[in-house]
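> Quick one: the structure is below, and I'll ask about it shortly.
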Amino acid sequence: MTAARATAPLRAEPGQTRIGWIGLGVMGAPMCGHLLEAGYAATVHTRTRSKAQSLLARGAEWAEDARSVAAASDVVFTLVGFPADVREVVLSERGALAGARPGSVLVDMTTSEPALALEIARSAAARGVQAVDAPVSGGDVGAREARLSIMIGGEEAVVTGLMPLFECLGRTLVRQGGPGAGQHAKLVNQILIASNMVGVCEALLYAARAGLDLERVLASVSSGAAGSWSLANLAPRILTGDFAPGFFVDHFIKDLGIALVEAERMGLTLPGLGLARDLYQAVSAEGRGHSGTQALVFALASLSGLEWPPRNI
């Protein structure tokens with residue numbers, strides 16, 4: 001198929017631009033809600049319709065599949081679980097690209113494979129549609145408070161036109177390069193988080209075994225050189241026994257697996273990343289795949305024959 005003639009890049013405007021949203025999990029639902037609140041008409045779809053009820057009550061329209069979402073939208077956002085899900089909701093016969101009109105834009109915010117982002121961009125271009133990969137970091141809190149970091153890959157003019165939408169969702173909005181670059185940047189993010197979470201959990205175990213008051217320890221170390229987002233946001237959840245997912249363990253395992261494949265393709269050996277993936281697989285094997293990433297503490301505690309929580313907290 002020859003490439004369709006290019007059209008002028010879309011410029012998003014409240015009250016004018018119609019958005020579609022596919023995937024309404026712990027992050028997708030509040031993110032779509034921010035766009036509704038900003039004045040963008042929305043058409044939504046997710047596998048479990050009950051997850052859309054709060055948005056439908058606020059004026060969003062329901063569509064029966066991804067293709068129908070795209071047919072009603074100028075910009076379609078997808079935020080689903082795995083690369084296979086992205087392929088299904090974007091590239092299948094009933095996917096978003098099949099319903100997208102020339103001049104519209106597909107924005108995948110799932111953490112997925114850079115190669116798939118490139119494939120979607122090529123397939124979209126052949127139909128006169130633009131495609132952008134824009135994975136996010138900040139978890140459920142960042143999604144609810146509209147302060148995500150969004151790592152964007154796509155043509156510069158297209159990304160510029162989408163900025164009013166991204167500004168409703170996040171605070172750190174950086175175009176990393178062309179298609180696929182956003183996914184590569186997100187993998188950098190996940191590599192950083194993976195080793196950091198190992199350190200957070202090991203430090204809490206050490207402090208507990210040493211008989212320290214864990215809240216006092218956190219008060220001392222969080223504002224110094226050891227400070228991090230995970231230490232500030234997830235360590236307190238560990239102490240209170242809150243293992244609800246801001247980001248699922250099983251989804252994190254997926255991300256680390258993609259990063260390891262990409263690292264091997266580029267000739268890199270990343271032993272810290274491999275160790276973190278193995279530890280998270282142990283968490284999942286214990287039945288905690290749908291817990292938050294802070295559940296890593298259970299796998300590390302078991303390596304020392306310990307239970308969590310320790311008796312002194």
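The values are calculated or read from the model by the stated rules, or taken from the named source; none is laboratory data. Keep in mind that what you see is a predicted model, and the values were worked out from it rather than measured. With ideal geometry, Cβ positions are generated from the backbone for all residues, glycine too; neighbour counts draw on all protein chains shown.
> Looking at (1) in the same structural domain as Arg147 (by TED's automatic domain parsing); (2) part of a loop (DSSP other than H, G, I, E, B), find the lone condition where Pro14 falls short.
Of everything listed in (1) in the same structural domain as Arg147 (by TED's automatic domain parsing); (2) part of a loop (DSSP other than H, G, I, E, B), Pro14 misses just condition (1).
> While we're here: Given (1) more than 25 Å from Glu145 (Cβ to Cβ); (2) touching a residue at least 60 places away in the same chain (Cβ under 8 Å); (3) not in a helix (DSSP H, G or I), identify the lone condition not met by Ala276.
Only one criterion is unmet by Ala276, namely (3).
> Also, quick follow-up: Tell me which of these Glu167 doesn't satisfy, since it passes every other one: (1) of a type outside the set (Gly, Ala, Ser); (2) in the same structural domain as Gly23 (by TED's automatic domain parsing); (3) over 21 Å from Tyr40 (Cβ atoms); (4) free of Cβ contacts under 8 Å to residues at least 12 places away in the same chain.
Of the numbered conditions (1) of a type outside the set (Gly, Ala, Ser); (2) in the same structural domain as Gly23 (by TED's automatic domain parsing); (3) over 21 Å from Tyr40 (Cβ atoms); (4) free of Cβ contacts under 8 Å to residues at least 12 places away in the same chain, the odd one out for Glu167 is (3).
> Are any residues in segment 135-170 over 16 Å from Val105 (Cα atoms), touching an Asp or Glu at 6+ places or on another chain (Cβ under 9 Å) and not aliphatic (A, V, I, L, M), and if so, which ones?
Answer for segment 135-170, where residues must be over 16 Å from Val105 (Cα atoms), touching an Asp or Glu at 6+ places or on another chain (Cβ under 9 Å) and not aliphatic (A, V, I, L, M): Gly138, Cys168.
> Could you please let me know if Arg209 is touching a residue at least 60 places away in the same chain (Cβ under 8 Å) and over 25 Å from the mean Cα position of the chain (by Cα)?
yes
> Something else about it: Quick test of your reading of the structure: Phe243 fulfils all but one of (1) among the aromatic types (Phe, Trp, Tyr); (2) part of a helix (DSSP H, G or I); (3) in contact with a Ser or Thr (Cβ under 8 Å, 6 or more places away or on another chain). Name the failing condition by number.
Against the list (1) among the aromatic types (Phe, Trp, Tyr); (2) part of a helix (DSSP H, G or I); (3) in contact with a Ser or Thr (Cβ under 8 Å, 6 or more places away or on another chain), Phe243 comes up short only on (2).
> Also, quick follow-up: Within 17 Å of the chain's Cα centre (by Cα), at pLDDT 95 or above and farther than 22 Å from Gly292 by Cα: which single residue out of Arg94, Arg87, Arg58 fits that description? Full working, then the answer.
On the way: Arg94 fails: within 17 Å of the chain's Cα centre (by Cα); Arg58 fails: within 17 Å of the chain's Cα centre (by Cα).
Every option except Arg87 fails the conditions.
> Output the residues belonging to segment 227-255 that are β-branched (Val, Ile, Thr), surrounded by 21 or more Cβ atoms within 10 Å (Cβ to Cβ) and more than 24 Å from Phe82 (Cα to Cα).
Ile238
So that you can scan it fast, the table gives a plain yes or no per residue for (1) at pLDDT 95 or above; (2) within 26 Å of Arg277 (Cβ to Cβ); (3) small (Gly, Ala, Ser):
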| site | (1), (2), (3) |
| --- | --- |
| Leu169 | yes, no, no |
| Gly180 | yes, yes, yes |
| His184 | yes, yes, no |
| Leu204 | yes, yes, no |
| Arg216 | yes, no, no |
| Ala219 | yes, no, yes |
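> Just one of Ser50, Ser68 is in a helix (DSSP H, G or I) and surrounded by 17 or more Cβ atoms within 10 Å (Cβ to Cβ); which is it?
Ser68
> Another question, then. Take the residues in segment 136-151 that are under 10 Å from Lys186 (Cβ atoms) and not small (Gly, Ala, Ser); name whichever of them is surrounded by the fewest Cβ atoms within 10 Å (Cβ to Cβ).
The qualifying residue surrounded by the fewest Cβ atoms within 10 Å (Cβ to Cβ) is Val136.
> Return the total of residues in segment 53-65 being surrounded by fewer than 16 Cβ atoms within 10 Å (Cβ to Cβ) and either touching a residue at least 40 places away in the same chain (Cβ under 8 Å) or in a loop (DSSP other than H, G, I, E, B) (or both).
3
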